[in-house]
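K.L.:
Next up is a structure, given as structure tokens.
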Amino acid sequence: MGLRCAIFSVLIFLVCVTVKSQQNQASKIISLGFSLSPTNPPTFWPSPSGLFAFGFYTQHTGFKVGIWLVGNNGNITIVWTANRDDPPITSNSTLELTRSGKLVLRTEEHRGEEKLIANTTGSAASASMLDSGNFVLYNDTQQQQPIWQSFDFPTDTILGGQNLSMDMRLTSHLSDTDHSTGQYEIILQTDGNLVMYPLNIEQTPTDAYYASGTNGYAPLFLSFNHSTGTLALINSTSFEAIISLHSGLTSNNNYKTIIYRATLDFDGFFRLNSHKFNASGGESQIQTEWIQPANPCKVRNFCGFNSYCTFNDNQPYCLCVPGTDFIDPNKWSLGCDKNFSRRVCKDGIENDTNSFDITTMEQMSWGDFPYVEIMQVSMEDCKKSCLEDCNCEAASFVDSTCRKHSLPIRYFERDVGGGAFTALFKVRVAKSEKPPLPETLVSGRSKKEVMSILVMTIGLLTSSCVALAISGIYVYKFRVLKYKRLLQYGNVGIMQELTLHLFSYSELKKATNGFKEELGKGSFGAVYKGTLCRGKKLIAVKRLQKIVEEGEREFQAEMRAIGRRHHRNLVQLLGYCIEGSKRLLVYEYMSNGSLADLLFKSPRRPDWNERIKISLNVARGIHYLHEECEAPIIHCDIKPQNILMDEFWNAKISDFGLAKFLMPDQTRTFTGARGTRGYLAPEWQRNIPISVKADVYSYGIVLLEIVCCRRSMEVNVSTPEEVILSNWVYNCFAERELNKLMVVGDEEVDMETLENMVKVGLWCIQDEPALRPSMKSVVLMLEGITDISIPPCPTTY
């Protein structure tokens, strides 16, 4: 152990010496005022050896700014991209190290607008593209002290000599030709574990598809040796090697230069590649030295919903679970859907068990949570229970425990190791056809007898048909027609209480009259008004855009957040549409718009009793998300624009695209900032774990807006102290002048109720999450059941 520590300490020392020597090498200094163009030379700044370059490279029909490794025949390997999620720029753009010491990009399509490529704290005096692949800005040309370097801001790649520090991450690119943000990320967590996840999920152990197993060894950093390609996790204090992920090469004498590159690729694999250059300087070969995970089927989301990964001739491919077919056989990532029509489920009882059977699959596992779990039963009892439960579409059985699930399912895979269980799937039984009449029965009779039988049979059938036709007219008029309409349109009303309805794109296009009447528009798409049941039922259809990136993530987030949850203060999701790249969500129609329109724009301001009712409606909806679901849900974007009013002026919470899901026993989680300025809790900016108390803070701001019928920040006010609503409210409360908060027409306001609502709002917006009440306590305080103590000043201002 001591020898290994000594060896890795030497390696770390060599890395540090090498990086310093690269900074001090005879690099090509880029002076202030130098600029690049996408088409007119110079288009890039090379490193001294010419192996790396910084500048413009082509992507699709435009250009991006980045760093690349130069290979044979003009081939390049992108290792870093600036502002990677911005659209490609045109050929009339300019990249310049300005005389004021800023590295900026100017684009003509935005009228010469300048965009920073390197966000530095000071002004640069010069820049260099180093042979390590690091682009550096210096504050002094002589001393060459870096003030910014690309190594500190990796995208999808780290190079030899580059380290990955705690809480830093790599995010995969979208495709081989598109280096914008993809679907996977690898992060060195603060607990010391190096973990790979699909992007924008809860990042729980269930969602991880690779982990180094070094949690508990923090502080660490990921060291990548530029000479040998050794990839290891090193203790930041003692420089002891905790684990070596890749031991590297022992000898590089056969090649003049070897460049090592570790990239999180678009397919979710973390690959360590070597680029070997011969004596003449040409790149002789590119070789993959190490890859994780070793099993492609372990990559989360390799297959879509309701499908699983397996192998054929050592090649991974996807299969649908029994009872489903691929939505698009050419796009496995879209997953599978049922291959039979959905049934109306009433009271959870299956009334047609003879039409279904159970298919079993051995040695399977999946990461979804069941909606019910039955202990101490046999497999036959598990099958019977699923058959008789119309909500049950799949089940797992292991150790005398039956867990029942509804579609869709994720993370389903074969598991030949320990812990695998038997998977059960409910499938429709194909109706058998009547066998043809045996020829021996015909040949044993004379043709005359056969003709007589046929004539009699035809006569009886004709008479029966006439009688049935006459009676059928009345049956059709009063029952069949009504039943047909129910099947065609009415099932939406029943299905909305039990499960989601799968609509076709053509149905929704017809229902919205070609997406003609737009109700609103957000960052992910627009919402349109539509009708079902021949105009008798109004719906709202959200049509998502940017489907490969944010739109797909919002689609899945909304489906998971409210797809199976029903509460009178949550907007009801009725169904969805998945066709090719089209993603649409169908909601109940909220006829009275948003709370923001009601409070800030409508000439009809809600009276005091209506505002109390709205406050309670919103509080009960958030309380349901936090404490009454099987796992807590943090909405992350509580604001008046996301609170909608139905025809009876009941408030309902909507827009779950940014929601964060916790495990049943989890109370906090790390995540990037999300939500809307003005309603964000202070902990979003502190890089600390987020809990449900973030929603409590947002609710507190909304509650004060409801009380005062004004926005949380207003500039057109009579005095400066009224600009920030929370400050003004606390001043009025402290000075016992709550009458200043009353709006025109508030003659019926009960001052005790007003004071209680103000106190609740001030408690909710406390800076420290621990001081904020739970939403259950908020409901009890608003209902007058619990006494409310005097709140302290929410913040120092």
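The values are calculated or read from the model by the stated rules, or taken from the named source; none is laboratory data. Everything numeric here is computed off the predicted structure, so don't read it as measured data. Every residue, glycine as well, gets a Cβ built from its backbone with ideal geometry; the counts of neighbours run over all protein chains shown.
K.L.:
If you go through the stretch 661-699 one residue at a time, how many are of a type in the set (S, T, Y) and within 16 Å of I765 (Cα to Cα)?
P.N.:
Number satisfying all stated conditions: 6.
K.L.:
Kindly indicate whether Q142 is of a type outside the set (V, I, T), in contact with a Leu (Cβ under 7 Å, 6 or more places away or on another chain) and at pLDDT below 90.
P.N.:
So Q142 fails the test.
K.L.:
Please name all residue pairs, on different chains or six or more residues apart, with Cβ atoms under 7 Å, provided the first residue is in the stretch 572-583 and is farther than 14 Å from K509 by Cβ and the second residue is of a type in the set (S, T, Y).
P.N.:
Q572/Y587; L573/Y587; L574/Y587
K.L.:
With T77, T155 as the choices, which residue is touching a strand residue (DSSP E or B) at 6+ places or on another chain (Cβ under 8 Å) and part of a strand (DSSP E or B)?
P.N.:
T77
K.L.:
Based on this model, can you work out whether G101 counts as over 29 Å from F277 (Cβ atoms) and out of contact with any strand residue (DSSP E or B) (no Cβ under 7 Å at 6 or more places or on another chain)?
P.N.:
Yes: the conditions hold for G101.
K.L.:
Now, a different point. Mind checking which residues of the stretch 660-686 are hydrophobic (A, V, I, L, M, F, W, C) and in contact with a Lys or Arg (Cβ under 9 Å, 6 or more places away or on another chain)?
P.N.:
F661, L662, L680, A681, W684 - these are the residues of the stretch 660-686 that are hydrophobic (A, V, I, L, M, F, W, C) and in contact with a Lys or Arg (Cβ under 9 Å, 6 or more places away or on another chain).
K.L.:
Ok, one more. Determine which member of the set L105, L159 is without any contact (Cβ under 8 Å) to a residue 60 or more places away in the chain and within 35 Å of the chain's Cα centre (by Cα).
P.N.:
L105
K.L.:
A further question on this structure: Filter the stretch 343-371 for residues that are aliphatic (A, V, I, L, M) and either assigned to a loop (DSSP other than H, G, I, E, B) or loosely packed, with under 15 Cβ neighbours inside 10 Å (or both) and give the result.
P.N.:
V344, I349
Residues are listed down the side, and each one gets a yes or a no for (1) surrounded by fewer than 16 Cβ atoms within 10 Å (Cβ to Cβ); (2) closer than 30 Å to P205 by Cβ; (3) modelled with pLDDT under 90:
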residue	(1), (2), (3)
S385	no, yes, no
N391	no, yes, yes
F412	no, yes, yes
F425	no, yes, no
K431	yes, no, yes
P435	yes, no, yes
V442	yes, no, yes
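K.L.:
Give I259, I286 a once-over and let me know the one that is over 19 Å from I186 (Cα atoms), in contact with a His (Cβ under 7 Å, 6 or more places away or on another chain) and at pLDDT 90 or above.
P.N.:
I259
K.L.:
Please name all residue pairs, on different chains or six or more residues apart, with Cβ atoms under 7 Å, provided the first residue is in the stretch 618-642 and is within 16 Å of P773 (Cα to Cα) and the second residue is in a helix (DSSP H, G or I) and among the hydroxyl-bearing types (S, T, Y).
P.N.:
Cβ pairs passing all conditions: V618/Y699; A619/Y699; I622/Y699.
K.L.:
Right, here's the next one. Out of the stretch 468-515, which residues are modelled with pLDDT of 65 or more, in contact with a strand residue (DSSP E or B) (Cβ under 6 Å, 6 or more places away or on another chain) and outside any loop (DSSP other than H, G, I, E, B)?
P.N.:
H501, Y505, L508, A511
K.L.:
To continue, here is another question. Looking at the stretch 712-753 only, could you name the residues that are part of a helix (DSSP H, G or I), surrounded by 13 or more Cβ atoms within 10 Å (Cβ to Cβ) and not aliphatic (A, V, I, L, M)?
P.N.:
E722, S726, N727, W728, Y730, N731, C732, F733, T753, listed by residue number.
K.L.:
Okay, next question. Restrict the check to the stretch 186-195 and report whether at least one residue is of a type outside the set (A, V, I, L, M, F, W, C) and either assigned to a strand (DSSP E or B) or modelled with pLDDT of 95 or more (or both).
P.N.:
Taking every residue of the stretch 186-195 in turn, none turns out to be of a type outside the set (A, V, I, L, M, F, W, C) and either assigned to a strand (DSSP E or B) or modelled with pLDDT of 95 or more (or both).
K.L.:
Name the pairs: first residue in the stretch 386-405 and part of a loop (DSSP other than H, G, I, E, B), second residue of a type in the set (K, R), Cβ to Cβ under 6 Å, at least 6 apart or on different chains?
P.N.:
Qualifying pairs under 6 Å: C392/K404; E393/K426.
K.L.:
Also, I was wondering about something else. When you scan the stretch 64-80, do you find a residue that is surrounded by 15 or more Cβ atoms within 10 Å (Cβ to Cβ), over 26 Å from R261 (Cβ atoms) and not hydrophobic (A, V, I, L, M, F, W, C), even just one?
P.N.:
There is no residue in the stretch 64-80 that is surrounded by 15 or more Cβ atoms within 10 Å (Cβ to Cβ), over 26 Å from R261 (Cβ atoms) and not hydrophobic (A, V, I, L, M, F, W, C).
K.L.:
Now for a different question. I need the full set of residues from the stretch 601-639 which are acidic (D, E) and either part of a helix (DSSP H, G or I) or in contact with a His (Cβ under 7 Å, 6 or more places away or on another chain) (or both), in order please.
P.N.:
Those that are acidic (D, E) and either part of a helix (DSSP H, G or I) or in contact with a His (Cβ under 7 Å, 6 or more places away or on another chain) (or both): E610, E627, E628.
K.L.:
When you look at A118, is it of a type in the set (A, V, I, L, M), in a loop (DSSP other than H, G, I, E, B) and either free of Cβ contacts under 8 Å to residues at least 12 places away in the same chain or in contact with a strand residue (DSSP E or B) (Cβ under 9 Å, 6 or more places away or on another chain) (or both), yes or no?
P.N.:
Yes, satisfied.
K.L.:
Would you point out which residue out of F340, F266, F311, F302 is within 30 Å of F555 (Cα to Cα), touching a Pro at 6+ places or on another chain (Cβ under 7 Å) and either assigned to a loop (DSSP other than H, G, I, E, B) or at pLDDT below 85 (or both)?
P.N.:
Just one listed residue meets the conditions, F302.
K.L.:
Could you please tell me which pairs satisfy a Cβ distance under 8 Å, a separation of 6+ or placement on different chains, a first residue in the stretch 35-64 that is not assigned by TED's automatic domain parsing to the domain that holds G101, and a second residue that is crowded, with 19+ Cβ neighbours inside 10 Å?
P.N.:
none
K.L.:
Let me ask something additional. When you go through P329, P322 one by one, which is the residue that is in contact with a strand residue (DSSP E or B) (Cβ under 9 Å, 6 or more places away or on another chain) and assigned to a loop (DSSP other than H, G, I, E, B)?
P.N.:
Within the list P329, P322, the selection yields P322.
K.L.:
Looking at the stretch 655-677 only, could you name the residues that are part of a loop (DSSP other than H, G, I, E, B) and over 23 Å from L570 (Cβ atoms)?
P.N.:
Once the filter is applied, which keeps residues that are part of a loop (DSSP other than H, G, I, E, B) and over 23 Å from L570 (Cβ atoms), the stretch 655-677 yields D665, F670, G672, A673, R677.
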